[in-house]
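**Q** My questions all concern the structure below.
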Amino acid sequence: MTVTAQKVEQNVLDVPATVEVVGAEDLALHQIDSLEDLDKLVSGLGISSYTGGQPRIYLRGMGDAFDLKNKRVAVYVDGVPQIDSVLQDPMLLDHVERVEVLKGPQGTLYGRNASAGVINIVTKRLRGNAASAFLGAGNHDQRRGGATLSKSLAEDQVLLGINASWTRRNGVLENVATGSRGKLDGQERRNLHLKADLYPTDKTALNLTFSHFEDDSAPYLQTFIDPTTWKPIRRDAGRGFVPVRFYQIDRDTEGHTKTRGNGLTLRVSHDFDLFRLNSITGYQQDKLHTVSDADYSSNPLFKWDFDPYTNEHKQLSQEFQLVGNAGAAHWQTGVFAYGDQTDNSNAFKTSYGNILSNSRYRTRGVAWYGQLDYVFVPGWTATAGGRYQRDRQKLKDFQQDREEVSKSKSSSTYKLALAYAFQPDNTTFLSYGTGYTPGGVNTSPQMIGGLPVGPYLSYAPEKTSSIEWGIKGRLAGQRLGYSLSLYHTLLRNQQVLDMADTQMKNIGETRYRGVEMSADYQIAGPWNLNAGYALNTSRIRKSNDPAELGKSVPFVPGNTGRVGVQYKDRIADTSVTVRLDMNHVGRIRADAKNSFSQSSYQLFSLSGKADFKHWWLSLSVNNLLDKQYYSNAIANSPLAGTHTAVYGQPRTVLLTLGSKF
């Protein structure tokens with residue numbers, strides 16, 4: 001399988017790192033349209049959201065529970081970084097070729113925000129004259145549709161294409177305060193892509209993509225839970241709590257989250273024989289508007305509402321890359337620069353009165369990187385790479401007319417690896433890599449006396465170092481694909497949200513260790529078995545709270561697993577695929593003191609697809625047994641002594657009919 005996880009096309013077995021790939025066929029079979037559903041197919045990956053279109057991504061135990069700007073898992077789409085959180089959950093319907101999950105620190109090639117790894121989304125390029133369309137429907141009033149059209153001109157030297165897709169569904173939550181059902185957590189998403197691929201010569205390629213998205217999703221969806229029984233509760237008319245049924249929620253402000261955005265990507269490549277020059281230019285702008293009940297209650301004694309909260313974001317990035325070969329050496333080097341600006345305004349309505357904020361957060365950065373892969377004897381490849389990057393963050397508070405706060409810092413990252421192909425299509429590797437998350441300035445003022453009236457504190461970059469051994473390949477006459485990896489990661493100068501004043505601070509250090517394995521086995525005839533398992537152990541080594549020392553990192557499961565059995569064969573002139581999957585999610589600690597944790601759970605799903613000559617039919621059933629579970633839980637939130645959780649999705653059934661010409 002060919003991937004671009006290291007920014008060049010190469011066989012996945014030649015990458016000295018653990019890479020899991022989800023292709024277009026698997027995305028279509030499972031009818032996956034969001035990154036939040038991707039973790040069911042990738043070991044050690046966890047994705048959830050409770051703020052409407054702003055995913056929290058965890059990989060190998062490392063992730064981001066609160067920071068929406070500085071991340072530990074980078075998301076790229078066609079070579080362009082998705083810096084803002086609202087850009088990090090693009091629709092995956094119909095136009096995505098594959099999703100590559102590159103694990104471990106990737107600071108050398110990807111720079112900032114890749115401390116735990118990278119999710120690299122590669123969209124489909126245009127291929128001649130073609131047309132396709134689909135329509136789907138399911139329970140909870142699910143609807144989806146889409147169409148793709150491409151046209152070839154000038155003997156395939158010019159290709160033009162358009163792709164449009166749309167999804168909507170009602171929610172399942174009942175608001176006990178208003179009596180509404182399905183309104184709070186309903187969702188509608190719309191996407192448009194316009195593409196133009198030009199090939200003026202056999203050595204030159206220009207790929208231009210314009211994208212537009214609209215996302216109407218839910219605001220904060222936490223509900224209070226009883227710490228003993230784990231059953232949902234709500235505030236009563238006083239200061240106590242009373243039980244509610246599963247999928248019930250309590251809001252006096254139902255709220256909404258609306259996001260709109262546009263993007264433009266231009267990739268230019270030219271082969272100069274001795275090397276290839278690649279240029280990737282990306283521009284994106286988006287606006288988020290949300291109204292949300294942040295106290296999770298209709299009790300007037302407790303009122304903290306975002307009404308409204310708006311984010312207007314723009315980013316521009318440019319990368320120039322040179323790629324070449326010199327005998328046994330394969331090299332790449334490049335420069336990367338970016339600029340990012342977020343204008344934030346917020347009306348924070350509380351029981352004590354309204355608090356207004358209006359600020360601008362700007363980040364700038366420039367970097368040089370290089371990597372060399374050298375085959376020094378047949379079968380043995382050494383890899384060495386490095387990156388130097390300088391970032392600057394500025395924050396201006398317009399509401400209080402404060403002096404602009406600025407923070408700048410340079411960082412260096414590097415990678416060393418040794419790989420040995422001990423037999424055809426089988427490789428083992430040992431690697432050491434580093435990554436970093438830039439420092440910055442807190443985008444909200446310090447909480448003093450329960451009110452956001454303090455200064456904007458700054459914080460320094462955090463550094464990650466990791467050593468990994470892995471083995472991967474294919475055996476049994478290519479019928480068995482396998483991967484096994486062991487890793488040890490240390491996160492230093494860790495950026496942690498101090499709940500005492502809601503400020504990000506460098507007050508932590510954490511050690512992560514783990515083992516990951518996956519296998520894909522063609523058992524016999526049309527039967528296939530796919531399985532994966534990830535075990536992650538973590539220990540907090542430094543903290544401003546002594547009670548957290550030696551404890552496990554919260555919000556991520558200690559282990560995850562998956563097993564899928566698939567039948568695929570031709571019946572008459574029809575290709576038929578049926579697959580049953582089981583996903584296991586291990587115990588999740590809900591706070592850094594490990595005083596509160598969520599039990600493990602298992603979910604089953606069923607997928608099927610029939611491909612005819614010019615049309616196809618897909619059926620997917622998620623949460624087949626209709627299990628009631630929480631997708632995540634947080635202790636002592638929003639106040640000490642209160643615990644909240646987000647309901648997991650009930651059974652969903654979706655049937656889709658499509659055509660292709």
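The values are calculated or read from the model by the stated rules, or taken from the named source; none is laboratory data. These numbers come from a predicted model, not from an experiment. Here the Cβ is made from the backbone with ideal geometry for all residues, glycine too, and neighbour counts use every protein chain on show. Just so you know, the surface numbers come from the protein's heavy atoms only, side chains and all, with ligands and any DNA or RNA stripped out. Shrake-Rupley method; radii C 1.70, N 1.55, O 1.52, S 1.80 Å.
**Q** Identify all residues within segment 318-340 that are of a type in the set (Val, Ile, Thr) and within 15 Å of Asp373 (Cα to Cα); write none if there are none.
**A** Those that are of a type in the set (Val, Ile, Thr) and within 15 Å of Asp373 (Cα to Cα): Val323, Thr333.
**Q** Scan the strands (runs of 3 or more DSSP E) fully inside segment 421-533 and keep the ones with 1 or more residues being closer than 30 Å to Asp581 by Cβ and among the charged types (D, E, K, R).
**A** Of the strands (runs of 3 or more DSSP E) lying wholly inside segment 421-533, those with at least 1 residues that are closer than 30 Å to Asp581 by Cβ and among the charged types (D, E, K, R) span 462-475, 503-524.
**Q** List every residue pair whose Cβ atoms sit under 8 Å apart, with the two residues 6 or more apart in sequence or on different chains, where the first one lies in segment 527-556 and is closer than 14 Å to Arg492 by Cα and open to solvent by 40 Å² or more (accessible area, probe 1.4 Å) and the second, anywhere, is aliphatic (A, V, I, L, M) and modelled with pLDDT of 90 or more.
**A** Arg541/Leu549; Lys542/Leu549
**Q** Out of segment 163-184, which residues are assigned to a strand (DSSP E or B) and more than 30 Å from Thr148 (Cβ to Cβ)?
**A** Matches in segment 163-184: Glu174, Asn175, Arg181.
**Q** Within segment 207-228, restricting attention to residues that are aliphatic (A, V, I, L, M) and in contact with an Asp or Glu (Cβ under 7 Å, 6 or more places away or on another chain), which residue is farthest from Gly79 (Cα to Cα)?
**A** So, considering only residues that are aliphatic (A, V, I, L, M) and in contact with an Asp or Glu (Cβ under 7 Å, 6 or more places away or on another chain), the one farthest from Gly79 (Cα to Cα) is Leu221.
**Q** Follow-up question, since we're still on this one. For segment 576-598, which residues satisfy the criterion of being surrounded by fewer than 19 Cβ atoms within 10 Å (Cβ to Cβ), assigned to a loop (DSSP other than H, G, I, E, B) and either without any contact (Cβ under 8 Å) to a residue 24 or more places away in the chain or in contact with a strand residue (DSSP E or B) (Cβ under 8 Å, 6 or more places away or on another chain) (or both)?
**A** Those that are surrounded by fewer than 19 Cβ atoms within 10 Å (Cβ to Cβ), assigned to a loop (DSSP other than H, G, I, E, B) and either without any contact (Cβ under 8 Å) to a residue 24 or more places away in the chain or in contact with a strand residue (DSSP E or B) (Cβ under 8 Å, 6 or more places away or on another chain) (or both): Gly586, Arg587, Phe596.
**Q** May I ask you to list the residues in segment 614-630 that are open to solvent by 40 Å² or more (accessible area, probe 1.4 Å) and under 21 Å from the mean Cα position of the chain (by Cα)?
**A** Asn622
**Q** While we're on this one: Taking strands (runs of 3 or more DSSP E) that fall entirely within segment 32-137, which contain at least 2 residues that are within 10 Å of the chain's Cα centre (by Cα) and modelled with pLDDT under 90?
**A** In segment 32-137, 45-48, 56-59 are the strands (runs of 3 or more DSSP E) which contain 2 or more residues that are within 10 Å of the chain's Cα centre (by Cα) and modelled with pLDDT under 90.
**Q** Does segment 631-661 hold any residues that are farther than 21 Å from Ser34 by Cβ, open to solvent by 10 Å² or more (accessible area, probe 1.4 Å), of a type outside the set (A, V, I, L, M) and in a strand (DSSP E or B), and which are they?
**A** Ser659, Lys660
**Q** In segment 227-244, which residues are in a loop (DSSP other than H, G, I, E, B) and free of Cβ contacts under 8 Å to residues at least 60 places away in the same chain?
**A** Thr228, Thr229, Lys231, Gly240
**Q** Another question, then. Do we have any residue at all in segment 149-159 that's under 26 Å from the mean Cα position of the chain (by Cα) and free of Cβ contacts under 8 Å to residues at least 40 places away in the same chain?
**A** no
**Q** From the set of residues in segment 109-149 that are charged (D, E, K, R) and open to solvent by 30 Å² or more (accessible area, probe 1.4 Å), which is nearest to Met62 (Cα to Cα)?
**A** For segment 109-149, the residue satisfying everything is Lys124.
**Q** Does at least one position in segment 511-521 carry a residue that is touching a residue at least 40 places away in the same chain (Cβ under 8 Å), within 29 Å of Ala17 (Cα to Cα), open to solvent by 30 Å² or more (accessible area, probe 1.4 Å) and among the hydrophobic types (A, V, I, L, M, F, W, C)?
**A** There is at least one residue in segment 511-521 that is touching a residue at least 40 places away in the same chain (Cβ under 8 Å), within 29 Å of Ala17 (Cα to Cα), open to solvent by 30 Å² or more (accessible area, probe 1.4 Å) and among the hydrophobic types (A, V, I, L, M, F, W, C).
**Q** Residues of segment 6-33 being within 16 Å of Asp425 (Cβ to Cβ) and touching a helix residue (DSSP H, G or I) at 6+ places or on another chain (Cβ under 7 Å), which ones?
**A** Hits for segment 6-33 are Val19, Val21.
**Q** What is the one condition in (1) of a type in the set (Asp, Glu); (2) open to solvent by 40 Å² or more (accessible area, probe 1.4 Å); (3) within 29 Å of the chain's Cα centre (by Cα) that Asp197 does not satisfy?
**A** Result: Asp197 fails condition (2) only.
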